[in-house]
Amino acid sequence: MKIAVIGTGYVGLVTGVCLAEFGHQITCMDIHEEKIVNLKKGILPIYEPGLEEVLARNYKEKRIDFTTDIKKVIKEHEVLFIAVGTPPKEDGGADLKHVLEVAAQIGQNINEYKVIVNKSTVPVGTGKKVENIIFEEINKQNKKINFDVVSNPEFLREGKAVEDFMHPDRVVIGSKKEKVVEILKEVYRVLYLNQTPFVFTNLETAEMIKYASNAFLAVKISFINEVALLCEKVGANVQDVAKAMGMDGRISSKFLHAGPGYGGSCFPKDTKALVHIGEIAEEELFVVKAAIEANEKQKIKMVKKIEKEVKEVKNKTFAILGLSFKPETDDMRDAPALTIIEELIKLGANIKAYCPQGIKEAKWRLKLYKDNIVYCDNEYECAKDTDGIILITEWNQFRGMDLKKIKNNMKDNYFFDLRNVYFQNLNIRKLFKYFGVGVL
Ligand code: UDX
């Protein structure tokens, strides 16, 4: 079975590399020449633990190759994964330009039966649109060629994408055709044999599962974040609240960690897209809307909390530990650190910042504020001569810091632990004026 993956972004690359690891012959295609040249040398455009090794192994074994030639890819492969980007538009909807362009190319170059598998996160109804475009393009050429479009959403977490691909909670296949189901079972043979749960459903339902899952997780985070702020006001401890809530099997303990708000490439984009889908369908999604608003407010409330404790932010220097939206990634899309840093600078603060992977991206995303931010090489240098630490992303290396050493080099000793990493540390409140989120 010859499989091609169109688009070598996050999802496309992980899909291609992992399918090669499953033993398939894979071609990954992208329009960006430089990306393809680099991938052939084993240079990845993103930081994702484990991906480089799996790629190197499969490239050496000749199970994976890279190209910019979309026509050839379409002609020579039976299964075509579409994994191109769907960035957000101004109105919150997903921009389908790239997906629809690929569909047109497929229609123009199709030569025999193909299964087109949509992995990009797209609004309900896009699969049908893709189908129509391919159909029209085939018609224009007065040809009769069969094809099927199937939705197969991804549930990959950045930083754990390889693991998530290899050991998914479920695989969703959105097609009611037996032939397609059989082909997809073959694509995911390794998982199918391993007893991974498979959900077979129609195209629209598969598309909806992705949005509903991400929006639900976003709601869960916004919920616990609001509860955390309330805990602070009433003298409760959100860590215990979340722990006890999580013991209820109906709730589950995952995604109940209070913090500075969710970020990343999925939750902010997908929640807004779902609200937009609701608007078009004239079905208002009150709960998802509230989660989005609560998340925006959460970031600002973190700044307000800092302001309240230090009294005057102006001319104070803060050490930001962690810039990426979460650990084990260099991704800063919608990272809470962006809003928090920006707001603190607007209030007159000076910023020192350190992140194991996020600095490069932070430099261009925060270029407007370059005169107010000093980027550092490690957490100790970052904390030196500052008034307070603001731990925004829970990288493992921030979990076991030498707190005395940190404190001794600081001007003042505020410690805002926005991920509650140290709330149980016996010394933390002796050494610092310590503030977690929703903890006493
Ligand atoms: C998410 C989904 O988990 C994945 O299934 C989907 O395909 C893409 O979106 P990702 O964006 O990589 O993955 O990150 P995830 O680990 O889910 O975290 C998202 C955000 O929520 C991060 O900013 C994280 O810090 C925050 N978060 C997560 C919390 O604040 N509290 C939690 O309890 C969990």
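What to note about this one:
Okay, residues lined up against (1) outside the structural domain of Ile392 (by TED's automatic domain parsing); (2) closer than 20 Å to Asn225 by Cα; (3) out of contact with any Pro (no Cβ under 9 Å at 6 or more places or on another chain):
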{"site": "Lys269", "(1), (2), (3)": "no, yes, no"}
{"site": "Lys299", "(1), (2), (3)": "no, yes, no"}
{"site": "Lys305", "(1), (2), (3)": "no, yes, yes"}
{"site": "Ala319", "(1), (2), (3)": "no, no, yes"}
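- When Phe415, Phe325 are checked against the criterion of being touching a Gly at 6+ places or on another chain (Cβ under 9 Å), farther than 30 Å from Tyr10 by Cα and not basic (Lys, Arg), Phe415 stands alone in meeting it.
- Residue check, Val199 part of a helix (DSSP H, G or I) and either within 19 Å of the chain's Cα centre (by Cα) or at pLDDT 95 or above (or both): no
- Filter result for the condition that a residue is under 30 Å from Gly23 (Cα atoms) and of a type in the set (S, T, N, Q), over Asn152, Asn225, Asn237, Asn142: Asn152
- Applying the criterion of being crowded, with 17+ Cβ neighbours inside 10 Å and within 16 Å of the ligand (Cβ to nearest atom) to the residues of segment 170-190, the residue that is nearest to Lys128 (Cα to Cα) is Gly174.
- Residues of segment 234-257 satisfying the condition of being more than 29 Å from Lys89 (Cα to Cα), assigned to a loop (DSSP other than H, G, I, E, B) and either in contact (Cβ under 8 Å) with a residue 12 or more places away in the chain or not hydroxyl-bearing (Ser, Thr, Tyr) (or both): Gly235, Ala236, Asn237, Met247, Asp248, Gly249, Arg250, Ile251, Lys254, Leu256, His257
- Residue match in segment 115-125 (condition: over 26 Å from the mean Cα position of the chain (by Cα) and assigned by TED's automatic domain parsing to the domain that holds Val172): yes
- Subset of segment 143-169 [surrounded by 13 or more Cβ atoms within 10 Å (Cβ to Cβ) and in contact with a strand residue (DSSP E or B) (Cβ under 9 Å, 6 or more places away or on another chain)]: Ile145, Phe147, Asp148, Val149, Val150, Ser151, Asn152, Pro153, Phe155
The values are calculated or read from the model by the stated rules, or taken from the named source; none is laboratory data. Nothing here was measured: the structure is a model prediction, and the numbers come from that model. So basically every Cβ, Gly included, is an ideal-geometry build from the backbone, and we count neighbours across all protein chains shown.
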